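Chemist: Just dropping this structure here.
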Amino acid sequence: MAKKKNTEQPAAKPAGGLFTYAPAPESPAAAGDIASSYGHFIGGEFVDSSGSEALKTVNPATEQVLAEFARGTEEDVDRAVAAARKAFADWSALPGSERAKYLFRIARIIQERGRELAVLESIDNGKPIRETRDFDIPTVAAWFFYYAGWADKLDYAGFGPNPRPLGVAGQVIPWNFPLMMLAWKIAPALATGNTVVLKPAETTPLTALRFAEICRQAGLPKGVVNIVTGDGRTGAALTAHPDVNKVAFTGSTPVGRAIARQLAGSRKKLSLELGGKAANIVFDDAPIDQAVEGIVNGIFFNQGHVCCAGSRLLVQESVQDEVLDALKRRMATLRVGDPLDKNTDIGAINSAAQLARITELAEAGEAEGADRWSPECELPGTGFWFKPTLFTGVSQAHRIAQEEIFGPVLSVLTFRTPAEAVEKANNTPYGLSAGIWTEKGSRILWMADRLKAGVVWANTFNKFDPTSPFGGYKESGYGREGGRHGLEAYLDV
Ligand code: NAD
Ligand code: MG
């Protein structure tokens, strides 16, 4: 056969061993209308704050202010809790099949408005559109679909007949997966018949406020979902409120600890999802290319702003060189830049404060004697950015091996035997997740038995599914979200 002249191929130029891609920008206009200022969503209405303090949320890729929003006062929180209390009587009395209809409707609207939500999340948070479009928003919809399915089956969830809701849930969430964390909290709470007051993080309030619109669109009864924006003070007012029956918090371990102290001796039920310092463990029999993809996904997904990130790579000494060479080659192909470009792998760091934290810890890594490496890459002039970074020669005592960096920084340690891998992996105050890469099924089971981590992934990493419970050991928190277990956090059992 004559060789066909392929004239349709775009002129892909290798640059530094890389193909250059033409820009593939998503339109920021797809985010829909962003108001110049927002109040709270209380009792089914958008209302002004009782206070006058406004905060600003920026696009971390451009540092442009997207909107102002209210810093919720104690009075605002009180109003929202009262609205949730009022709505609780009717909502909890609805047959589960009726509550399910609302949740299914919300899930479908999220799918229908998926592009809008993906773009809005990307510009408020800095994460790449590829992730919000392909991961965050589909996962959000999946969570609502999944818990919608439970709403009329609570009798069969293993908690005895007719399990009762707790009442009003006060929920405080972080900025790393804004809408997804909202879904993880709101979907099970509503399915089980609770009503909620949710406070989004101060750098990413916009998708929660858009979700409030979706509640209205779905005809959700007034007061079942209330959104109060603000900072840590607003969060503390919510978790301390005497008429809140259940507190669910995701965020840093110090704040989680403070909330646990605040709630000690009260009758409030508490679940905490805190930090992590997960080990991603690669054995010498692992398929190396596949493991390298898993390492990259484990630490560079979402700029490393992931509580279960595989931030410590434990690699068996005999394959160290091979793995690190392949990893460096792969890291050199990561595209850092405009989050709205569909080719971007690593977007902007969420805030100046988070960038400062990452920078400080990376500098500590160098000062303590670890070897720092990053691929060559050009960072944009404005916005908050951090190159994908690898530290080798890391010892267990180094801060970069102990502390959560919450950024695109990987610390590499080595081991010789499975027992040593377990010991090193567990040598952390945290215990949220772990990854194992090996061809041997028996070794996976042996390791999983011994790893003190709420989630253990085998030959994969960062896999999330609404049917699967997620949560921590030790200083990573307690309580589970997801799956049947996730219902328990919102039931009086
Ligand atoms: P944070 O814990 O301060 O904030 C999380 C949420 O809690 C926000 O909504 C915040 O307004 C609220 N909050 C703050 N103080 C509060 C208080 N006293 N009472 C009630 N609510 C309060 O986290 P951060 O400052 O955004 O990030 C700091 C570090 O936390 C990060 O570097 C990272 O290590 C960790 N973190 C972990 C997760 C996670 O998913 N586990 C998420 C975000 C941050
Ligand atoms: Mg923002």
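The values are calculated or read from the model by the stated rules, or taken from the named source; none is laboratory data. The model shown is predicted, which means the values in this text are computed figures rather than measured ones. No Cβ is skipped: glycine too gets one built from the backbone with ideal geometry, and neighbour counts run over all protein chains shown.
Chemist: Answer yes or no: is there a residue in the range 408-416 that is loosely packed, with under 15 Cβ neighbours inside 10 Å, in contact (Cβ under 8 Å) with a residue 60 or more places away in the chain and closer than 30 Å to Trp446 by Cβ.
Modeler: Initial filter on the range 408-416 (loosely packed, with under 15 Cβ neighbours inside 10 Å): 416.
Filter once more, so that each one left must be in contact (Cβ under 8 Å) with a residue 60 or more places away in the chain: 416.
Cutting the leftovers down to closer than 30 Å to Trp446 by Cβ gives us 416.
The answer is yes; a qualifying residue exists.
Conditions (1) in contact with a Gly (Cβ under 7 Å, 6 or more places away or on another chain); (2) buried (at least 24 other Cβ atoms within 10 Å of the Cβ); (3) closer than 18 Å to Gly407 by Cβ; (4) free of Cβ contacts under 8 Å to residues at least 24 places away in the same chain, marked per residue:
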residue	(1), (2), (3), (4)
Glu322	no, no, no, no
Arg335	no, no, yes, no
Asp338	no, no, no, no
Asn343	no, no, no, no
Ile346	no, yes, yes, no
Asn350	yes, yes, yes, no
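Chemist: How many residues are polar (S, T, N, Q) and free of Cβ contacts under 8 Å to residues at least 24 places away in the same chain when one looks only at the range 76-115? Show your work before the answer.
Modeler: Kept after step one, since they are polar (S, T, N, Q), are these residues of the range 76-115: 92, 97, 111.
Add one more test, that the residue is free of Cβ contacts under 8 Å to residues at least 24 places away in the same chain, and what stays is none.
Summing the residues that are polar (S, T, N, Q) and free of Cβ contacts under 8 Å to residues at least 24 places away in the same chain in the range 76-115 gives 0.
Chemist: Separate question: Of the residues Ala151, Ala118, which is crowded, with 24+ Cβ neighbours inside 10 Å and within 16 Å of ligand 2 (Cβ to nearest atom)?
Modeler: Ala118
Chemist: Something else: Considering only the range 156-263, give the strands (runs of 3 or more DSSP E) lying wholly within it that have at least 3 residues that are among the aromatic types (Phe, Trp, Tyr). Walk me through it before giving the result.
Modeler: Working: elements: 168-172, 195-199, 225-227, 246-250.
Those strands (runs of 3 or more DSSP E) do not exist here; none qualify.
So that you can scan it fast, the table gives a plain yes or no per residue for (1) near ligand 1 (Cβ under 10 Å from one of its atoms); (2) buried (at least 20 other Cβ atoms within 10 Å of the Cβ):
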{"site": "Arg233", "(1), (2)": "yes, no"}
{"site": "Ala237", "(1), (2)": "yes, yes"}
{"site": "Leu274", "(1), (2)": "yes, yes"}
{"site": "Asp285", "(1), (2)": "no, no"}
{"site": "Gln290", "(1), (2)": "no, no"}
{"site": "Glu293", "(1), (2)": "no, no"}
{"site": "Phe301", "(1), (2)": "no, yes"}
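Chemist: Let me ask another. Any chance you could count how many residues in the range 119-134 are part of a helix (DSSP H, G or I) and within 16 Å of ligand 1 (Cβ to nearest atom)?
Modeler: Of all residues in the range 119-134, those part of a helix (DSSP H, G or I) come to 119-125, 129-134.
Adding the requirement that they be within 16 Å of ligand 1 (Cβ to nearest atom) leaves 121, 124-125, 131.
Counting residues in the range 119-134 that are part of a helix (DSSP H, G or I) and within 16 Å of ligand 1 (Cβ to nearest atom) gives 4.
Chemist: Looking for whichever is in the same structural domain as Pro178 (by TED's automatic domain parsing), within 30 Å of Pro161 (Cα to Cα) and among the polar types (S, T, N, Q) here; the options are Ser97, Ser122. Which one fits?
Modeler: Numbers: Ser122 fails: within 30 Å of Pro161 (Cα to Cα).
That would be Ser97, the only listed residue that is in the same structural domain as Pro178 (by TED's automatic domain parsing), within 30 Å of Pro161 (Cα to Cα) and among the polar types (S, T, N, Q).
Chemist: Another question, then. For the range 361-384, give me the residue count where each residue is part of a loop (DSSP other than H, G, I, E, B) and more than 29 Å from Val65 (Cα to Cα).
Modeler: Pass one, the range 361-384, residues part of a loop (DSSP other than H, G, I, E, B): 368-370, 374-384.
Going one step further and asking which of them are more than 29 Å from Val65 (Cα to Cα), we end up with 368-370, 374-376.
The total comes to 6.
Chemist: Determine if the range 417-429 includes at least one residue that is β-branched (Val, Ile, Thr) and in a loop (DSSP other than H, G, I, E, B). Quick ask: steps written out before the conclusion?
Modeler: Taking the range 417-429 first, the residues β-branched (Val, Ile, Thr) are 417, 422, 428.
Now narrow it down to the ones that are in a loop (DSSP other than H, G, I, E, B): 417, 428.
Yes, the range 417-429 contains a residue that is β-branched (Val, Ile, Thr) and in a loop (DSSP other than H, G, I, E, B).
Chemist: Test Val81 against the stated conditions and say whether it is within 16 Å of ligand 2 (Cβ to nearest atom), in the same structural domain as Val225 (by TED's automatic domain parsing) and buried (at least 22 other Cβ atoms within 10 Å of the Cβ). Write out each step before concluding.
Modeler: Values: within 16 Å of ligand 2 (Cβ to nearest atom): no; in the same structural domain as Val225 (by TED's automatic domain parsing): yes; buried (at least 22 other Cβ atoms within 10 Å of the Cβ): yes.
The answer is no for Val81.
Chemist: Test Ser442 against the criterion of being of a type in the set (Gly, Ala, Ser) and surrounded by fewer than 17 Cβ atoms within 10 Å (Cβ to Cβ), and give yes or no. Reasoning before the result, please.
Modeler: Working: of a type in the set (Gly, Ala, Ser): yes; surrounded by fewer than 17 Cβ atoms within 10 Å (Cβ to Cβ): yes.
Spelling it out, Ser442 is indeed of a type in the set (Gly, Ala, Ser) and surrounded by fewer than 17 Cβ atoms within 10 Å (Cβ to Cβ).
Chemist: I need the full set of residues from the range 120-176 which are closer than 23 Å to Val81 by Cα and of a type in the set (Lys, Arg), in order please.
Modeler: Arg164 - this is the single residue of the range 120-176 that is closer than 23 Å to Val81 by Cα and of a type in the set (Lys, Arg).
Chemist: I would also like to ask the following. State yes or no: is Gly230 within 16 Å of ligand 2 (Cβ to nearest atom), at positive phi and not polar (S, T, N, Q)? Working first, answer last.
Modeler: Details: within 16 Å of ligand 2 (Cβ to nearest atom): yes; at positive phi: yes; not polar (S, T, N, Q): yes.
So Gly230 fits the description; yes.
Chemist: Quick check: anything in the range 438-454 under 28 Å from Val292 (Cβ atoms), in a strand (DSSP E or B) and in the same structural domain as Glu403 (by TED's automatic domain parsing)? Steps first, please.
Modeler: Narrowing the range 438-454 to residues under 28 Å from Val292 (Cβ atoms): 438-454.
Going one step further and asking which of them are in a strand (DSSP E or B), we end up with none.
So far as the range 438-454 goes, no, none of its residues is under 28 Å from Val292 (Cβ atoms), in a strand (DSSP E or B) and in the same structural domain as Glu403 (by TED's automatic domain parsing).
Chemist: Is it the case that the range 205-218 has a residue that's under 24 Å from Leu263 (Cβ atoms), under 21 Å from the mean Cα position of the chain (by Cα), buried (at least 24 other Cβ atoms within 10 Å of the Cβ) and in the same structural domain as Gly72 (by TED's automatic domain parsing)?
Modeler: Just the residues of the range 205-218 that are under 24 Å from Leu263 (Cβ atoms), to begin with: 208.
Retained after the next criterion (residues that are under 21 Å from the mean Cα position of the chain (by Cα)): 208.
Still in the running and buried (at least 24 other Cβ atoms within 10 Å of the Cβ): 208.
Of the ones still in play, those that are also in the same structural domain as Gly72 (by TED's automatic domain parsing) are 208.
Yes, the range 205-218 contains a residue that is under 24 Å from Leu263 (Cβ atoms), under 21 Å from the mean Cα position of the chain (by Cα), buried (at least 24 other Cβ atoms within 10 Å of the Cβ) and in the same structural domain as Gly72 (by TED's automatic domain parsing).
Chemist: For the range 257-267, which positions are more than 7 Å from ligand 1 (Cβ to nearest atom) and either surrounded by 20 or more Cβ atoms within 10 Å (Cβ to Cβ) or of a type in the set (Lys, Arg) (or both)? Show your work before the answer.
Modeler: Filtering the range 257-267 for residues more than 7 Å from ligand 1 (Cβ to nearest atom) gives 257, 260-267.
Of everything in the range 257-267, those that are more than 7 Å from ligand 1 (Cβ to nearest atom) and either surrounded by 20 or more Cβ atoms within 10 Å (Cβ to Cβ) or of a type in the set (Lys, Arg) (or both) turn out to be Arg257, Arg261, Arg267.
Chemist: Also, I was wondering about something else. On the given criteria, is Tyr156 free of Cβ contacts under 8 Å to residues at least 12 places away in the same chain and over 19 Å from the mean Cα position of the chain (by Cα)? Working first, answer last.
Modeler: Details: free of Cβ contacts under 8 Å to residues at least 12 places away in the same chain: yes; over 19 Å from the mean Cα position of the chain (by Cα): yes.
Yes, satisfied.
Chemist: Kindly indicate whether any position in the range 89-97 is within 30 Å of Asn302 (Cα to Cα) and touching a helix residue (DSSP H, G or I) at 6+ places or on another chain (Cβ under 9 Å). Break it down into steps so the answer makes sense when it comes.
Modeler: So in the range 89-97, the residues within 30 Å of Asn302 (Cα to Cα) come out as none.
No; the residues of the range 89-97 include none that is within 30 Å of Asn302 (Cα to Cα) and touching a helix residue (DSSP H, G or I) at 6+ places or on another chain (Cβ under 9 Å).
Chemist: Here's something else I'd like to know. Can you report the number of residues in the range 323-355 which are more than 16 Å from ligand 2 (Cβ to nearest atom), assigned to a helix (DSSP H, G or I) and under 22 Å from the mean Cα position of the chain (by Cα)? Let's see the steps before the verdict.
Modeler: The first filter runs over the range 323-355 and keeps only residues more than 16 Å from ligand 2 (Cβ to nearest atom), leaving 323-337, 341-346.
Going one step further and asking which of them are assigned to a helix (DSSP H, G or I), we end up with 323-331.
This time we only want the ones that are under 22 Å from the mean Cα position of the chain (by Cα), so: none.
Residues that pass the stated criteria total 0.
Chemist: Mind checking whether some residue in the range 458-472 is closer than 27 Å to Asn176 by Cβ, in a strand (DSSP E or B) and either of a type outside the set (Ser, Thr, Tyr) or at pLDDT 95 or above (or both)?
Modeler: Of the residues in the range 458-472, the ones closer than 27 Å to Asn176 by Cβ are 458-472.
Okay, now just the ones that are also in a strand (DSSP E or B), so 458, 470.
Then drop every residue that is not either of a type outside the set (Ser, Thr, Tyr) or at pLDDT 95 or above (or both), which leaves 458, 470.
For the range 458-472, residues closer than 27 Å to Asn176 by Cβ, in a strand (DSSP E or B) and either of a type outside the set (Ser, Thr, Tyr) or at pLDDT 95 or above (or both): present.
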